Amino acid sequence: MSTQRVAIVTGAARGIGKATALRLSADGHKVAVLDLDESACAPVVEEIKAAGGEAIAVGCDVSNSEQVAAAVARVNDELGAPVILVNNAGIIRDNLIFKMTEGDWDAVMNVHLKGAFNMTKACQAFMTQEKFGRIVNLSSTSALGNRGQANYSTAKAGLQGFTKTMAIELGKFGVTSNAIAPGFIQTEMTAATAERVGVPFDDFIKGAAAQIPVTRVGQPEDIANTVSFYCDERSGFVSGQVIYVAGGPKD
Ligand code: NAP
């Protein structure tokens, strides 16, 4: 087995974050399951412990730098130096530009962009000290442009620039920084989109699958598997990359 590390997964109470937390634990790492509501993380922590892993639940708003500093310090105290960071926490506030409010714009920027900045800034101190680090940022195929998502597509494109800059700045410390751009993944986020456009989720999934070369939508485990690859000790020469995990080519 490879060296046991300490990982933080943000937005890990459900969806892609949850699957990623479970996978990194199965890979042998200790995991901080971080989300807005600490109690919502408890079932994920219990699942990890039941499978023989080690995990803690951490309540934190990633867009708040003081909460992030306290959360990362707590992870260091309780599990050890966090050297794997998966910036997964995310929200959508979709609307066409003429209806999108300043609040919709700010909320999305704050969680995706400032959140990734806050978490990375707090964790890089440990990564550079340990001379090892793995940063994985969740981008999206929406980074290429998507109707109704001026805020989200901008944030997800911005995360690709952030990813590459961290790869350049932190590479000499043994830290890699990479991004995953998922296509349609079956989670509460896509269920919320289906609800907003007034289509039953099952029909929405069937419609999406028909447009995808592998003829199915993605599952959270598809993304967790890519995170696992990036975080592997043997992936140290892979940095500054974006993998589109979308069942077909996108870029
Ligand atoms: P999800 O089911 O909505 O889960 C997102 C999690 O992030 C929720 O538990 C949410 O907590 C948490 N969160 C939101 N704001 C937060 C904050 N300020 N601080 C800490 N946690 C926060 O979403 P998902 O579908 O798993 O998506 C995960 C990531 O993949 C997101 O970055 C998303 O943009 C990206 N992505 C998803 C898809 C897809 O098709 N699903 C495609 C491309 C990219 P609450 O429940 O309390 O709000």
Inset, instruction - Determine the share of the chain's accessible area contributed by carbon and sulfur atoms, expressed in whole percent, with a 1.4 angstrom probe. - result: 51 percent
Inset, instruction - Using Cα pairs closer than 8 Å and at least 6 residues apart in sequence, work out the relative contact order for region 114-239, in percent. - result: 26 percent
Inset, instruction - Identify, among Ala50, Phe204, Val238, the residue whose Cα sits farthest towards the positive end of the charge dipole of the chain, taking +1 on the Cβ of Lys and Arg and -1 on the Cβ of Asp and Glu, with the dipole about the Cα centre. - result: Val238
Legend entry - Gaussian network model of the chain, springs between alpha carbon atoms under 10 Å - residue of Asp61, Asp37, Asp203 with greatest fluctuation: Asp203
Legend entry - Acute angle (nearest 10 degrees) that the helix 115-130 long axis makes with the longest principal axis of the chain, alpha-carbon atoms: 30 degrees
Legend entry - Distant-in-sequence amide H partners of Arg134 (H built 1.01 Å from N, under 5 Å): Ile84, Leu85, Thr176
Inset, instruction - Give, rounded to the nearest 20 debye, the magnitude of the charge dipole that the chain has about its Cα centre when Lys and Arg contribute +1 at Cβ and Asp and Glu contribute -1 at Cβ. - result: 680 debye
Legend entry - Positive-pole candidate from Asn110, Leu85, Gly183, dipole of the chain, charges at beta carbon: Gly183
Legend entry - Cα-based reach from Lys164 at 27 Å (exclusive), listing lysines while leaving out same-chain residues under 8 positions away: Lys18, Lys30, Lys114, Lys121, Lys131, Lys156, Lys172, Lys250
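The values are calculated or read from the model by the stated rules, or taken from the named source; none is laboratory data. None of these values were measured; they are calculated from a predicted model. Quick reminder, even Gly has a Cβ in these numbers, built from the backbone with ideal geometry, and neighbours come from all protein chains shown. Areas reflect the complete protein model, heavy atoms only, side chains present, ligands, DNA and RNA absent. Shrake-Rupley method; radii C 1.70, N 1.55, O 1.52, S 1.80 Å.
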